[in-house]
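Data first, discussion second: the structure below is written as structure tokens.
The values are calculated or read from the model by the stated rules, or taken from the named source; none is laboratory data. All values reported here derive from a predicted model rather than from experimental measurement. Glycine also receives a Cβ, built like all others from the backbone with ideal geometry; neighbour counts cover every protein chain displayed. Each accessible area value is taken on the protein alone, full model and side chains, heavy atoms only, with ligands, DNA and RNA left out. Shrake-Rupley method; radii C 1.70, N 1.55, O 1.52, S 1.80 Å.
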Amino acid sequence: MLTGSDAGHAATHAIESGVDDYLLKDEVTPGGIDRAIQNALVRRQIARRVERLARRQWELLDLTARLSRLVRLDDIQTCVLGYADEVLEAVGGGVFDVDETGRGLRLTRVMGEPDVGVSESCSLAAAALTEGAVVLAPDLEALRRDHPDLLEREPQTVSAAAIPLTVDDAVASLLGLRFRRALDDDEATHLRVFGELAADAVRRAHLYERMVAQSAFEQRLLGVVSHDLRNPLGTIAMGLDVLSEEAPAGIVAKMDRAVGRMKHMVDDLLDLTRARSGGLLGERTEVTLAGVLDEVVEGLRSRHPEVSFEVSAPAGASVRADRQRLLQVFDNLGTNAVKYGAPERGVRFAVTPSDDAIEVTVHNWGEPIDDADVAGLFEAFSGTKTGAHARDSLGLGLYIVERIVSAHGGAVAVRSSREAGTTFRLTLRADA
């Protein structure tokens, strides 16, 4: 803008409206015009760079969010190569897996073409593997000087990058990218940040795969061990029946109790395996809670005739459930109430229906559960560690209780104090 006034309001308003610069009439000289144009160009370049950096930042944040939702290595590689294609505008790229020696490379995935199985690499990828860091050839001159083999293979390439993806402090794979334009400093920085995000996602994928494999192995091991233990335990139990007619009664009784404890542990291990594989529940039917609790209490009374049991349950309260599993839940809670409570003060089962849920409580008096144990009470192999509630079992009973209740769409919680006693509270959906 040219103005005859001394800048003032008009010039200020013009700049606020988008004018790059202004000149007073007495500054309209070749030097003044050139200076104004150069200043305007610099400001425009800065503005474009700020805009581009802001766009790159948003793109990297979006990539971070997408990668955070992925756990499988194949999905992560697809996402990373898609970003390189769509955002970085790479004309070619692929993933090189490092072989067992740690020195050889094998191109296993090309942008848009999974699992091509091509056995080839280039000096750029080899340099990144050796250095364990991002290697860039930012322009044609750098390619000709340092990596002519890549240029011979792909003559349309103007720049390239090799990004190492490390796992456990060793390069597990490389990401190679080619471009048909030179890379400036901002793009080089963008590539390095992109590489760090990709490497973090790949490390997480490898960790996930190891955890899945370890979990699967543990599940198979638990299943095999617990299943194979049932047969010899059954044989021992049958032998005890025969021995009971000849051997001293006390010895046979101790052996029988030991077999019972072992069988209970084996059953818990089998249920642990089923719970983790999602196969804990059987067929669901309409189950009347009063009937289930009456059956549970009948069994408890036969084992603990010295304990008084009370059941309070409306006749019409029912849920859709696996009846055998509900029997297991309440038998476990009732047995614990006798074992860790004050048997002389009895155990009480109560059912309270509401519009959309049914609440069942199991209450006993006695020594409270230590506050330090409550938080982990329903975790596998935990149980309680201190006081009168310290367990002599595997610590799976309450974990299995919680898994059964959760599988029915319900929840279980516990409150325990010396004044109010211990109450396990189960909430079951009425339409479960």
* Considering each residue of the range 173-187, count those that are in contact with a strand residue (DSSP E or B) (Cβ under 6 Å, 6 or more places away or on another chain) and either farther than 19 Å from L63 by Cβ or not hydroxyl-bearing (S, T, Y) (or both), and give that number. => 8
* Collect the residues in the range 305-327 that are buried (at least 19 other Cβ atoms within 10 Å of the Cβ) and of a type in the set (V, I, T), keeping them in residue-number order. => V307, V319
* Residue under evaluation G195, criteria (1) open to solvent by less than 30 Å² (accessible area, probe 1.4 Å); (2) outside any helix (DSSP H, G or I), criterion not met -> (2)
* Structure fact -> A careful count of residues in the range 198-212 that are out of contact with any helix residue (DSSP H, G or I) (no Cβ under 8 Å at 6 or more places or on another chain) and either on the phi > 0 side of the Ramachandran plot or open to solvent by less than 60 Å² (accessible area, probe 1.4 Å) (or both) gives 1
* Of (1) open to solvent by 20 Å² or more (accessible area, probe 1.4 Å); (2) modelled with pLDDT of 90 or more, R153 satisfies all except one. Which? -> (2)
* Can you run down the residue pairs with Cβ atoms below 6 Å, 6 or more apart or on separate chains, where the first is in the range 327-348 and under 25 Å from L280 (Cβ atoms) and small (G, A, S) and the partner is surrounded by fewer than 19 Cβ atoms within 10 Å (Cβ to Cβ) and modelled with pLDDT of 95 or more? => none
* Single condition L281 does not satisfy, out of (1) in a helix (DSSP H, G or I); (2) in contact (Cβ under 8 Å) with a residue 24 or more places away in the chain -> (1)
